[in-house]
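The values are calculated or read from the model by the stated rules, or taken from the named source; none is laboratory data. These figures come from a predicted structure and were not determined experimentally. Ideal geometry is used to build each Cβ from the backbone, glycine not excepted, and the neighbour counts take in all protein chains shown. Just the protein is used for accessible areas: all its heavy atoms, side chains included, with ligands, DNA and RNA removed. Shrake-Rupley method; radii C 1.70, N 1.55, O 1.52, S 1.80 Å.
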Amino acid sequence: MNHIICVSGEPVSGKSTTIREVKRKLEEKNQKVTVLSVGEIFKELARKEGVNIEKFNQEMMKRPDIDRLIDRKTKEFGERFEKRNKENEILIVDARLGWHELPDAFSVRLTANEKVAGERAYQRDP
């Protein structure tokens with residue numbers, strides 16, 4: 001059984017909501033669920049650099065090594081998870097390229113039509 005689920009999709013496609021619901025359903029079945037958010041890795045790296053998210057994002061555009069570092073951290077986390085995995089443990093990865101870094105994972109890509117995506121984006125807190 002595959003113990004890693006990768007969820008990808010554009011912003012406001014419902015990734016966080018889907019992950020939250022899948023996690024809840026799995027936990028109801030006594031599965032231990034870990035969620036890895038590549039966004040959290042990104043924020044951690046920004047903190048280490050001592051800059052806010054916006055500045056770090058601008059820096060990332062000039063430094064492709066940051067993208068590669070995030071991809072490597074995602075892959076390493078997944079590999080460590082698989083090595084220590086118990087039968088009742090599941091890892092859900094929230095990453096646009098998680099399917100690439102963890103090719104054996106069950107991968108799902110979420111989409112939303114433009115109208116729905118626009119409404120969701122407009123309703124979000126800034």
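Report the per residue volume, in Å³, of the convex hull enclosing the C-alpha atoms of the stretch 62-126.
154 Å³
Compute the distance from the alpha-carbon center of the stretch 19-83 to that of the stretch 91-114, in whole Å.
12 Å
Peptides 68-77, 96-105, 114-123: what's the order by average Cβ count within 10 Å, highest mean first?
On the way: 68-77: 15.8, 96-105: 17.9, 114-123: 11.1.
Taking the mean over residues of other Cβ atoms within 10 Å, the ranking is 96-105, 68-77, 114-123.
So who's got an amide H within less than 5 Å of the one on residue 89, skipping anything under 5 residues away but keeping other chains? H placed 1.01 Å off N, in plane.
Placed amide hydrogens put 32 under 5 Å from residue 89.
What ranking of 15, 86, 43 comes out by heavy-atom accessible area, probe 1.4 Å, highest first?
On the way: 15 30, 86 120, 43 85 Å².
Order by accessible area, largest first: 86, 43, 15.
Quick one: how many Å² of residue 56 are accessible to a 1.4 Å probe, rounded to 10?
The value for residue 56 is about 10 Å².
Can you list the HN-Hα couplings for the stretch 54-62, worked out from phi with the Karplus curve (6.51, -1.76, 1.60; θ = phi - 60°), rounded to whole Hz and with x for Gly and Pro?
4, 5, 5, 4, 4, 5, 4, 4, 8
What percent do you get for the relative contact order of the chain when only Cα pairs under 8 Å and 6+ apart count?
Numbers: 147 pairs, mean separation 66.8, N = 126.
So the answer I get is 53 percent.
Any idea what log10 I(q)/I(0) is at q = 0.15, 0.16 Å⁻¹ for the chain, Debye with uniform C-alpha scatterers and no solvent?
Scattering profile of the chain, log10 relative to I(0): -0.79, -0.89.
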